[in-house]
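Notes follow the structure.
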Amino acid sequence: MKALVMPAPGVAEVQDWPTPEPGYGEVRVKIAAAGICAGDLYIYKGVNPYATYPCIAGHEMAGEIEKLGEGVTGWEVGERVVVEPFLGCGSCYPCRIGKSNCCANLQILGIHRPGGYAEFCIAPQTHLHRVPNAMSLTLASFAEPLAIGVQSCRRGEVMSGEQVLILGAGPIGLAILEVVKARGAHPVITDLNAERLAFAKALGAETLPSAEALLESARKYTNGEGFPVVMEATGAIAAMEQSVQLVASGGRVVIVGLVKPGAGVTFPGLDFTRKEVTLVGSRASVSCFPEALSLLASGTIHYPKVATDLSLWDANQTFSLLSQNPAAFHKVILHT
């Protein structure tokens, strides 16, 4: 098969790769659409701590079942599916309590195993979700990033009517924005990039200036109270550290962004007791794909409409451009 292979950091090449065979309980999916996210760009740039090379990245994928492995039941060749890429071991403590996204032996399609930047990808039948008949596979490929938004809002217990401050208007920040709106809450967003902010505003969010002006603006916006929920989706240590100042007393902070291994984040310790802040992390998603697909099918999710469709086989140029300017596109979907 053909695949977009990253043999080393800074390199993406279309190569011939052995066509994989599904094992017991697995299926082979013919990939139609696969999104680019920050994690894929980190692999290309050589800063993803989990990636080894050569690597076939791509964990936001949709396609059709092309072959069934032994022992597969309930699925047929030709069915349209999205693939949930986080594979838990099923036996460690996080898996036993329903947090397989935090599995101690986690395997991720597109990092530890070959992902969706290829003609075919192998996936366990347990990690497939049917695509609604009226939904395109391009739209369905947004289920994974939207599921991250669902998970974040679940972790933050976002409720109707609440004001939610989102730090970062990249693809994940926009996914969170859309889920916040779908829950009947009011998204407010900030970002260093003016174009991203303008797009977030077009999606229905209020916007606030970033950097030094953010704290004062947030206090004015909330009459000095702070936001009931703050979602950090930048991966910037400074943003994480400021989140405790931005949240209201009794409020919740959800850290979604990633920092480098070993990097420290300092919070004002007194505010944990003075404000009784609830601080939680949110990693990818677990049991969120059905809700994400339902939201996509409902027509209430709008940011996929501005995705740029490009060929997987020309993606070496796309990754080169994104490595120089991550905001060059709101979102890219690669097609085989």
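No lab work stands behind these numbers, since they all come straight from the coordinates. Because the structure is a prediction, the values reported are computed rather than measured. Here the Cβ positions follow ideal geometry from the backbone for every residue, glycine too, while neighbour counts run over all protein chains shown.
Could we say that residue 268 is exposed (fewer than 14 other Cβ atoms within 10 Å of the Cβ) and within 27 Å of residue 335 (Cα to Cα) here? It is false that residue 268 is exposed (fewer than 14 other Cβ atoms within 10 Å of the Cβ) and within 27 Å of residue 335 (Cα to Cα).
Summed over region 102-111, residues that are crowded, with 16+ Cβ neighbours inside 10 Å and within 22 Å of residue 19 (Cα to Cα) total 4. Of the residues making up region 301-315, those that are in contact (Cβ under 8 Å) with a residue 60 or more places away in the chain, surrounded by fewer than 16 Cβ atoms within 10 Å (Cβ to Cβ) and part of a helix (DSSP H, G or I) are 306, 313.
Return a yes/no flag: does region 283-290 have any residue that is without any contact (Cβ under 8 Å) to a residue 12 or more places away in the chain and either buried (at least 21 other Cβ atoms within 10 Å of the Cβ) or assigned to a loop (DSSP other than H, G, I, E, B) (or both). No, there is no match, as no residue in region 283-290 is without any contact (Cβ under 8 Å) to a residue 12 or more places away in the chain and either buried (at least 21 other Cβ atoms within 10 Å of the Cβ) or assigned to a loop (DSSP other than H, G, I, E, B) (or both).
Looking only at region 107-162, filter to residues that are of a type outside the set (D, E, K, R) and at positive phi; which one of those is farthest from the chain's Cα centre (by Cα)? In this case the residue turns out to be 161. Screening 260, 331 for residues that are farther than 21 Å from residue 184 by Cβ and surrounded by 16 or more Cβ atoms within 10 Å (Cβ to Cβ) leaves exactly one candidate, 331.
Just to check your reading of the model, which residue among 134, 123 is hydrophobic (A, V, I, L, M, F, W, C), in contact (Cβ under 8 Å) with a residue 60 or more places away in the chain and part of a strand (DSSP E or B)? After ruling out the rest, the residue left standing is 123. Candidates in region 51-101 are the residues that are charged (D, E, K, R) and assigned to a loop (DSSP other than H, G, I, E, B); of these, the one that is surrounded by the most Cβ atoms within 10 Å (Cβ to Cβ) is 84.
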